[in-house]
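Have a look at the structure below before the remarks.
Read-outs throughout are calculated quantities, based only on the coordinates presented, and are distinct from any laboratory measurement. Only a predicted model underlies this, so the values are computations on that prediction, with no experimental measurement involved. Cβ coordinates were reconstructed from backbone atoms using ideal geometry, including for glycine residues, and neighbour counts include every protein chain displayed.
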Amino acid sequence: MSQLVCVRVSVYQGAMTRGKRYDALATDEAKRQVRVKGDNGRIRWFPAYCFDHSSRSVPTLSGYRLNDPIIPGQELPIEVIVQLSNGERRWCMFATPSALASCGDWIEGTQVPFHYGNRHIIIARELSDDLIGRMLQYIDSQGELAECSLPLARCDGEIEASP
């Protein structure tokens, strides 16, 4: 029996936890599936892409801090510092579509802002501390948090864990 580490929860919320290790009970190479006992106690087949067969650890979200206050009625992007379980800190921005309309790179001679190449900007219809936390948890469960944020230099002081 080999050990697998979950790297992506996919649609199996409640059955798997990203970063947790599971015993592979069986493998079907043709269907690219592995059989494991999930967090809910059920033994079932999961897609192999949800797991890594190496013994590496997977850093997961351990906390976050909003660098900007969320002011009702004011449409501005919110900077967020993310703390990972391995001590790494990362930076991203959350914005509503109307906040994006008021910032960005400007086309010279116009009043038209635009954005490009910014995977670290996460767009949502509305923002609150709770919603940002839920979005970060979801992005982390899908193994995409590193792709949706930029690394920060290591510095002293950890961010408190968030719910």
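Overview of results
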item	result
At most 13 other Cβ within 10 Å, DSSP loop - GluC sites (Glu not before Pro), region 72-108	GLU108
Among ASP68, ASP129, ASP52: highest mean-square fluctuation, GNM of the chain, C-alpha pairs under 10 Å	ASP68
Student exercise, the chain dipole from Lys, Arg, Asp, Glu Cβ charges, in Debye to nearest 20	960
Degrees, to the nearest 10: 129-141 long Cα axis against longest axis of the chain	40
Dimensionless Rg/Rh of region 61-151 - Kirkwood Rh, Rg from C-alpha atoms	1.00
GNM flexibility winner over the chain from LEU145, LEU136, LEU25 (Cα, springs under 10 Å)	LEU25
Relative contact order [Cα under 8 Å, 6+ residues apart], the chain, whole percent	21
For region 27-118, with +1 on Lys and Arg beta carbons and -1 on Asp and Glu, the positive-most of LEU100, PHE51, GLY38 along the dipole	GLY38
Environment charge at ARG44 (Cβ cut-off 10 Å; Lys +1, Arg +1, Asp -1, Glu -1)	+3
Exposed-loop-free span, longest in the chain, where trypsin sites (Lys or Arg not before Pro) count as exposed if DSSP calls them loop and at most 16 other C-beta atoms lie within 10 Å	57-118
Top positive-direction residue, dipole computed over the chain with Cβ charges, set LEU76, THR60, TYR22	TYR22
Per-residue [θ]222 nm for the chain (sum of -39500 (n - 2.57) over DSSP H runs n ≥ 4, rounded to 500)	-3000 deg cm²/dmol
